[in-house]
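Worksheet: the structure to be examined is printed underneath.
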Amino acid sequence: NGGVVPENVSYTEDGVVVLRANGDLYEGDILGFGNTHGKRAGARITTREQLGPGRYEVRMKVMPRFGSTTAMWTYYYENGMNHEIDIEMNVDNDFHRVWTTNWVSLTEYTSKKHTLDTVLTDDEYRTFRFDWRTNPSRIDYFIDDELVSTQESYVPTFAGVFNIGNWF
């Protein structure tokens, strides 16, 4: 699709980050990845430094459009080692569903789908969080302080950049 582009990142007057994504009806001047049209171009912010185990928490609204994904994740990649922790919303075009995934290579990962009682596109801020632990090695995933998953296999060991974004 159109990838993620910095032109789709902005801030409100009170400092709230806005991550815009342009759908198929977009006709504006923003270009997507590879200087193509701006259709299906999303947005991402990322840390400058790599971060290790600890608590990662974001208070955000999920983009309320079919075909989109809103996510938060850590990412480290080098020579086939993909160490990553993800919380992704609306992956299946189901606003009740969340995926929690952790990776230690391009083929070694665990992913769980969770169906929630509430819809994530109700224009409410939600708190998404994961606690990356090393002793014992596990990741606890939370939505609005409610534990939705604990995963003890394929727990990353490399620090990575932390990202928040949306795309198609």
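The values are calculated or read from the model by the stated rules, or taken from the named source; none is laboratory data. For clarity, every value in this text was computed on a predicted model and none was experimentally measured. No Cβ is skipped: glycine too gets one built from the backbone with ideal geometry, and neighbour counts run over all protein chains shown. When the accessible area is computed, the model is the full protein with side chains, heavy atoms only, and any ligands, DNA or RNA have been set aside. Shrake-Rupley method; radii C 1.70, N 1.55, O 1.52, S 1.80 Å.
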For segment 3-17, which residues satisfy the criterion of being touching a residue at least 12 places away in the same chain (Cβ under 8 Å) and not small (Gly, Ala, Ser)? Val4, Val5, Pro6, Glu7, Asn8, Val9, Val17
Expected output for segment 138-167 (first residue closer than 19 Å to Thr107 by Cα, partner in a loop (DSSP other than H, G, I, E, B) and of a type in the set (A, V, I, L, M), Cβ below 7 Å, 6+ apart or cross-chain) is Arg138/Val155; Ile139/Val155; Tyr154/Val104; Pro156/Val104
Can you work out which of the residues in segment 4-63 that are part of a loop (DSSP other than H, G, I, E, B), within 15 Å of the chain's Cα centre (by Cα) and not aliphatic (A, V, I, L, M) is nearest to Val119 (Cα to Cα)? Lys61
It is to be established whether one or more residues within segment 89-104 are over 22 Å from Glu146 (Cα atoms), open to solvent by less than 40 Å² (accessible area, probe 1.4 Å) and not β-branched (Val, Ile, Thr). no
Condition met for Phe130 (closer than 20 Å to Leu19 by Cα, touching a residue at least 24 places away in the same chain (Cβ under 8 Å) and not polar (S, T, N, Q)): no
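Restricted to segment 24-39, and to residues that are open to solvent by less than 80 Å² (accessible area, probe 1.4 Å) and either touching an Asp or Glu at 6+ places or on another chain (Cβ under 6 Å) or hydrophobic (A, V, I, L, M, F, W, C) (or both), which residue is farthest from Gly67 (Cα to Cα)?
Taking the candidates together, the pick is Ile30.
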Give the residue that is farthest from Ala159 (Cα to Cα), with candidates limited to residues of segment 122-137 that are touching a strand residue (DSSP E or B) at 6+ places or on another chain (Cβ under 9 Å) and open to solvent by less than 60 Å² (accessible area, probe 1.4 Å). Arg126
Could you list, in sequence order, the residues of segment 110-121 that are touching a residue at least 40 places away in the same chain (Cβ under 8 Å) and surrounded by 17 or more Cβ atoms within 10 Å (Cβ to Cβ)? Leu120, Thr121
Pick from segment 64-88 the residues that are among the hydroxyl-bearing types (Ser, Thr, Tyr) and not in a loop (DSSP other than H, G, I, E, B): which of them is most open to solvent (accessible area, probe 1.4 Å)? Tyr77
